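Worksheet: the structure to be examined is printed underneath.
The values are calculated or read from the model by the stated rules, or taken from the named source; none is laboratory data. Keep in mind it's a predicted model, so treat the numbers as computed, not measured. Quick reminder, even Gly has a Cβ in these numbers, built from the backbone with ideal geometry, and neighbours come from all protein chains shown.
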Amino acid sequence: MRFSNPILIKEMRSRMRGMRAFLVLTGYVTLLSIIVGLIYLVLSKNAPATLVNQAGIVLTPVLIYVQMGLICLIAPTFSASAVSFEREQQTFDLLIVSLAKPTTILFGKVGAALSYLLLTLFGSVPLISLTYSMGGVSMGDIAIAYLIMIVQGVTYCSFSFLWSTLIKRSVVSQLVSILTVIVLVAAMPALALFFTALSASFTGGPSSTFINVTFLLLRTNPFAAVASLIPGFPMPNNVWLRSVPIWLSQVVFYLLLMISSLYLSLRRLRNARNWV
Amino acid sequence: MIKIENVTKTFGDFTAVDAVNLEIGKGEVFGFIGPNGAGKTTTIKMLATLSLPTEGTLSVGGFDIVRQPREVRRIIGYMPDSFGVYEDLLVWEYLDYFAALYQVEPSRRKGIINDVLELTDLTIKYNAQVMSLSRGMKQRLCLAKTLLHDPDVLLLDEPASGLDPHARIEIRELIRELCRMGKTILVSSHILTELADFCSSIGIIERGKMLAAGRIDEITAALSGNVVIEITVKGDPLAAIQVLEEREDITRATSDGRVVHAEFTGATDDVDQVLEYLINRGVRLTAFTPASADLEDIFLKITRGAVA
Ligand SMILES: Nc1ncnc2c1ncn2[C@@H]1O[C@H](COP(=O)(O)OP(=O)(O)O)[C@@H](O)[C@H]1O
Ligand SMILES: [Mg+2]
């Protein structure tokens with residue numbers, strides 16, 4: 001099979017047309033630079049000299065976190081209207097009657113969203129090299145952080161695509177996709193906190209089961225995964241799966257989420273003739 | 001080429017297409033006529049492999065639309081009644097996209113795109129933004145896209161709807177051209193006269209029921225019972241009438257100046273016997289035309305019962 005996906009090519013043609021892609025990328029990198037610059041200013045005024053000399057230890061995680069926040073906001077929008085918008089614009093029927101296979105549609109649409117996402121992610125590489133040069137973090141940790149971010153973006157693109165095949169109106173599929181992200185990244189820590197508080201109120205101190213559950217929930221969270229890379233991250237001695245790094249289980253969890261989303265999308269696309 | 005057997009399609013309690021049967025032969029141009037909401041689009045969408053029948057079977061080119069949708073898609077060109085185009089692409093990019101989706105070899109794409117653009121008279125728009133095209137041009141662009149993979153069967157759902165008179169004529173000319181190219185065409189309309197002059201057969205649908213379908217002359221014959229032949233004679237029309245009335249299958253013959261109208265009760269295919277007979281009997285004539293009843297008369301006759 002030749003590697004050329006007409007849908008991917010078409011999406012790139014219309015996405016990259018004109019100034020839009022360029023402006024998004026420029027805006028993204030500018031925003032990141034401003035945030036990092038401000039934090040550096042505050043730091044150099046107030047912090048002790050030893051910390052300023054190792055500014056990277058603060059700036060790099062901040063930069064990663066800001067990027068992860070942006071991924072939560074923009075990754076879903078890249079694919080959340082992939083199919084719903086075509087249905088709204090009445091172009092979807094023509095796509096279905098063509099010889100496009102469901103896999104072609106899936107990989108074309110998700111692939112286009114991904115290349116856009118990767119473009120923005122790699123736009124931040126110069127900034128990261130800057131904060132890295134300030135010391136305090138290892139290259140390995142940065143690589144893991146990027147892996148977490150890429151998997152995070154791919155996963156969000158994937159389930160947003162699923163929503164776009166399930167929901168007819170593109171505004172609604174966009175909204176539901178963002179909501180899913182919020183539930184996924186905010187509800188889990190909230191639940192974890194809730195469990196901890198609950199157990200504390202019963203026994204005067206959190207029981208080991210609750211601590212275990214809390215740490216399991218943390219294992220689904222990319223922000224926690226990055227935090228666990230920072231030295232000094234608290235990890236109780238006898239917690240479940242202690243030997244498995246948090247970031248690894250989080251990445252695996254997201255990959256499973258991604259694969260099931262893609263699989264369900266494919267089934268949905270195969271069944272397009274039964275859509276109403 | 002197209003075969004619809006006992007097809008019913010329901011949406012909940014509502015029956016949009018009700019036990020429809022239809023057969024369209026190769027090279028025929030079939031006019032699918034019926035008022036809005038009659039079930040034309042629902043039927044065409046099933047043929048286009050976009051929805052499944054509740055009951056019955058449909059096939060195109062011998063391929064079943066339920067079990068062999070890919071084979072069907074390969075040989076059909078479908079133009080929906082309302083459709084969108086990718087506004088942010090250029091005209092050639094739009095066609096290139098669909099050519100690729102239809103697996104046209106990359107080396108042949110450019111040539112084919114030029115061909116369909118020429119056929120639809122859009123050559124000068126090659127590098128234009130789709131956004132900048134007029135409604136009629138978008139319609140022709142969609143038709144151009146429909147032809148990229150050289151389909152044998154065209155399913156055109158109200159191709160002229162929403163167009164100004166000039167654009168309508170252009171679309172009609174195009175369909176005529178495609179008909180000359182030997183394609184089997186199913187074209188729907190809620191306006192009868194739009195199809196009258198280039199269809200070889202028609203089907204009239206109303207409230208999901210196919211009221212009549214077949215060759216135009218057959219429907220005419222079935223309805224009026226007989227064919228009226230217009231004969232322009234060179235000599236005395238009265239002599240011609242006498243000769244004609246000797247035949248048992250001519251029920252009535254009247255003259256109107258040099259033109260004789262004869263009502264023929266035989267089969268439509270047998271009118272040539274009358275011509276041969278007249279010549280053998282020494283009647284000199286300059287014109288001999290079996291007149292089919294006006295399509296509109298047929299339509300009124302057929303739908304009168306159903307609408308009332
Ligand atoms: N998806 C659908 N759900 C419910 N009713 C539908 C649907 N599609 C069509 N109909 C109904 O079926 C009938 C036939 O529609 P259609 O085939 O579009 O008619 P036509 O194309 O002849 O104007 C209409 O009454 C329409 O409201
Ligand atoms: Mg219609």
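The rows are residues; the columns are (1) crowded, with 19+ Cβ neighbours inside 10 Å; (2) over 25 Å from A:GLU11 (Cα atoms); (3) of a type in the set (Phe, Trp, Tyr); (4) more than 14 Å from chain A (Cβ to nearest Cβ).
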| site | (1), (2), (3), (4) |
| --- | --- |
| B:ASN114 | no, no, no, yes |
| B:GLN139 | yes, no, no, no |
| B:ASP157 | yes, yes, no, no |
| B:PRO165 | no, yes, no, yes |
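Checking the stated criteria, B:ASP197 turns out to be modelled with pLDDT under 85 and surrounded by fewer than 16 Cβ atoms within 10 Å (Cβ to Cβ). Identify, please: which residue in segment A:190-223 is assigned to a helix (DSSP H, G or I) and within 16 Å of the chain's Cα centre (by Cα) and is, among those, surrounded by the most Cβ atoms within 10 Å (Cβ to Cβ)? So, considering only residues that are assigned to a helix (DSSP H, G or I) and within 16 Å of the chain's Cα centre (by Cα), the one surrounded by the most Cβ atoms within 10 Å (Cβ to Cβ) is A:PRO222. Residues that are within 12 Å of ligand 1 (Cβ to nearest atom), surrounded by fewer than 23 Cβ atoms within 10 Å (Cβ to Cβ) and among the aromatic types (Phe, Trp, Tyr) occur in segment B:13-35; there is at least one. With respect to (1) over 22 Å from the mean Cα position of the chain (by Cα); (2) touching a residue at least 40 places away in the same chain (Cβ under 8 Å); (3) surrounded by fewer than 19 Cβ atoms within 10 Å (Cβ to Cβ); (4) within 14 Å of another protein chain (Cβ to nearest Cβ), the lone exception for B:GLY56 is condition (4). Evaluation of A:ILE7 against the conditions (1) within 19 Å of A:LEU118 (Cβ to Cβ); (2) exposed (fewer than 14 other Cβ atoms within 10 Å of the Cβ) shows that the sole unmet condition is (2). A single entry from A:ALA82, A:ALA113, A:ALA75 fulfils the requirement of being of a type in the set (A, V, I, L, M, F, W, C) and out of contact with any Cys (no Cβ under 7 Å at 6 or more places or on another chain): A:ALA82.
Checking A:PHE92, A:PHE78 one by one, the residue that is aromatic (Phe, Trp, Tyr) and more than 20 Å from the chain's Cα centre (by Cα) is A:PHE92 and no other.
Scanning segment B:79-95 for residues that are assigned to a helix (DSSP H, G or I) and more than 8 Å from chain A (Cβ to nearest Cβ) yields B:VAL91, B:TRP92, B:TYR94, B:LEU95.
Looking across A:GLY69, A:GLY37, A:GLY27, one residue alone is out of contact with any helix residue (DSSP H, G or I) (no Cβ under 7 Å at 6 or more places or on another chain), more than 14 Å from chain B (Cβ to nearest Cβ) and modelled with pLDDT of 90 or more. It is A:GLY69. For segment B:60-78: of the residues being aliphatic (A, V, I, L, M) and surrounded by 23 or more Cβ atoms within 10 Å (Cβ to Cβ), which is nearest to the other protein chains (Cβ to nearest Cβ)? Looking at residues that are aliphatic (A, V, I, L, M) and surrounded by 23 or more Cβ atoms within 10 Å (Cβ to Cβ), I get B:ILE76. The residue that is modelled with the lowest pLDDT, counting only those in segment A:232-276 that are within 14 Å of chain B (Cβ to nearest Cβ) and in a helix (DSSP H, G or I), is A:ASN274. Test B:ARG247 against the stated conditions and say whether it is basic (Lys, Arg), loosely packed, with under 13 Cβ neighbours inside 10 Å and at pLDDT 85 or above. Against the criterion (basic (Lys, Arg), loosely packed, with under 13 Cβ neighbours inside 10 Å and at pLDDT 85 or above), B:ARG247 does not qualify.
A single entry from B:ALA239, B:ALA267, B:ALA262 fulfils the requirement of being at pLDDT 85 or above and surrounded by fewer than 16 Cβ atoms within 10 Å (Cβ to Cβ): B:ALA239.
Quick grid of which residues meet (1) under 21 Å from A:THR26 (Cα atoms); (2) in contact (Cβ under 8 Å) with a residue 40 or more places away in the chain:
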residue	(1), (2)
A:ILE96	no, yes
A:LYS101	no, no
A:TYR132	no, yes
A:ILE142	no, yes
A:ALA145	no, yes
A:MET149	yes, yes
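For segment B:39-78, residues that are within 16 Å of ligand 2 (Cβ to nearest atom), assigned to a loop (DSSP other than H, G, I, E, B) and in contact with a helix residue (DSSP H, G or I) (Cβ under 6 Å, 6 or more places away or on another chain) total 3.
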